[in-house]
Amino acid sequence: MSAVLKPVADLRPMVEADLAAVIAIENAIYAFPWTPGNFRDSLAAGYGCWKYERDGELIGYAVMMRALDEAHLLNLSIVARAQRRGYGSLLLQQLCEIARGQGAKLFFLEVRPSNAAALGLYERHGFQHIGLRRDYYPAPAGREDALILGLSL
């Protein structure tokens, strides 16, 4: 019998001192990254801003907004060298648990149709297509639509 090892990482609240490392990852993995102001504004607004660490090293982060009985995932990112190892899935599971624990009944997000890896992740977790935002994201050739996905918690 063989054991399947699951990835382990710690989820902790993000603080201003974490932003340089978060922004470095954001800039490395996205052609159109969030700006430092996007992260600072999220912290200042009191959104759920989380850092994901393994052995003391930042491997990912997430930003989630809550309002009434809804949660909205604004950003979920895993550093390139840790992608496709289960960390995104575990982070998403933890965010769903946090949102549910805070009274959210619905969880929403937007994703680029061209981001097959993220789309697959969300679909594996039960997110359903519920809408479309035309020309939502910047793209190399103008703008790209966003798929709106939702999950009943």
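Observations, loosely collected:
- Of the residues making up region 45-97, those that are part of a loop (DSSP other than H, G, I, E, B), closer than 18 Å to H125 by Cα and over 14 Å from the mean Cα position of the chain (by Cα) number 2.
- Condition broken by F32, with the remaining ones in (1) open to solvent by 60 Å² or more (accessible area, probe 1.4 Å); (2) within 11 Å of the chain's Cα centre (by Cα) satisfied: (2)
- Restricted to region 120-149, and to residues there that are open to solvent by 90 Å² or more (accessible area, probe 1.4 Å) and closer than 28 Å to C96 by Cβ, the residue that is nearest to the chain's Cα centre (by Cα) is R124.
- Residue within region 36-54 that is open to solvent by 50 Å² or more (accessible area, probe 1.4 Å), touching a residue at least 24 places away in the same chain (Cβ under 8 Å), under 18 Å from A146 (Cα atoms) and in contact with a helix residue (DSSP H, G or I) (Cβ under 9 Å, 6 or more places away or on another chain) present: no
- Residue, most open to solvent (accessible area, probe 1.4 Å), within region 67-86, restricted to residues that are at pLDDT below 95 and more than 19 Å from N27 (Cβ to Cβ): R84
- Subset of region 114-151 [in contact with a Lys or Arg (Cβ under 7 Å, 6 or more places away or on another chain) and either assigned to a loop (DSSP other than H, G, I, E, B) or small (G, A, S) (or both)]: A146
- The residues of region 30-47 that are within 19 Å of Y136 (Cβ to Cβ) and of a type in the set (A, V, I, L, M, F, W, C), listed by number, are A31, F32, W34.
- For region 95-107, a tally of residues being in contact with a Leu (Cβ under 7 Å, 6 or more places away or on another chain) and either hydrophobic (A, V, I, L, M, F, W, C) or surrounded by 18 or more Cβ atoms within 10 Å (Cβ to Cβ) (or both) returns 6.
The values are calculated or read from the model by the stated rules, or taken from the named source; none is laboratory data. None of these values were measured; they are calculated from a predicted model. Cβ coordinates were reconstructed from backbone atoms using ideal geometry, including for glycine residues, and neighbour counts include every protein chain displayed. All accessible areas refer to the heavy atoms of the entire protein, side chains included, with ligands and DNA or RNA removed. Shrake-Rupley method; radii C 1.70, N 1.55, O 1.52, S 1.80 Å.
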